[in-house]
Amino acid sequence: MMSREMVLIVYGFPNKVSALMFEWAWQHPRLCKRLKHVPGKRKTEKRFLFDLRVLSNMLKVGPWCRLPLTIQWLKQEHMREFEDGLQPPVHMPIAFGPVTSIKMHSKTKKKLSKKSNKNAESNLEETEEDRCSEDMVEMTQRANKRCDVCSKRLQPDSTSTLSCVHPTCSMKAHMLCLAGQFLRHSAGDFLLPVDGSCPLCKKNVLWGDLIRKKEGCYSTLAVCDDDDTDDHWAEELRAQ
């Protein structure tokens, strides 16, 4: 029996159900209503090339064409160019190399955060009064922070608040407010935005990057929570 190796992955789905539905459609294109237009496997066509052709078509149709997905070639020597007219949407990057994934429990993250704070306090030799004063200032700033779209107050530590990915920008906004603004400036009637202009710095940002930053995964080395659930930002947009 011929040995097989994984050479390509697609990631960035809003939840596990969405990823499983994508996987099922990729494996059963003839049974998927959205892929009826894809010709079947030709006799002389290798299975790998057929799977790549199916993937190319999947990324061009809804709902997948608007998801913030990344196509990653794990084995660059097996990389193939996408056919003309079937290239992935421009907001989907193509990456190369093995995937490095680190899962960190919430308790571990809290411990690391506390340890980091203690080190910072030790290095700066702050007094207890200084720390309390800084904490009060930070709490006041967070309590007074307003959405840069609707101007209403943001709830401190809200899971529905997005912030700009550009380091020098302090934009924060309600997820639904920012999604609505992005969609108002996009062509077509869609539920999920692809990109848009930051209301504060005016720079173009990808919706997927905003979500990755919110989830703590916006970095070269992704660090994701271990307690993922099917409740997700996509569900909030759907319920709007």
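Find all pairs meeting these conditions: Cβ atoms under 9 angstrom apart; at least six residues apart or on different chains; first residue within the stretch 1-30 and free of Cβ contacts under 8 Å to residues at least 12 places away in the same chain and part of a loop (DSSP other than H, G, I, E, B); second residue surrounded by 16 or more Cβ atoms within 10 Å (Cβ to Cβ) and of a type in the set (A, V, I, L, M). Going by the 9 Å Cβ cut-off, the qualifying pairs are HIS28/LEU35. Being within 23 Å of PRO63 (Cα to Cα), in contact with a His (Cβ under 7 Å, 6 or more places away or on another chain) and not basic (Lys, Arg) holds for only one residue in VAL194, VAL205, and it is VAL194. Screening CYS169 against (1) at negative phi; (2) part of a loop (DSSP other than H, G, I, E, B); (3) at pLDDT below 90; (4) out of contact with any helix residue (DSSP H, G or I) (no Cβ under 9 Å at 6 or more places or on another chain) leaves a single unmet condition, (3). Only one entry in PRO68, PRO98 is at pLDDT below 90, within 23 Å of the chain's Cα centre (by Cα) and more than 25 Å from VAL205 (Cβ to Cβ), namely PRO98.
The values are calculated or read from the model by the stated rules, or taken from the named source; none is laboratory data. All values reported here derive from a predicted model rather than from experimental measurement. Note that each Cβ is placed from the backbone with ideal geometry, even for glycine, and that neighbours are counted across all protein chains shown.
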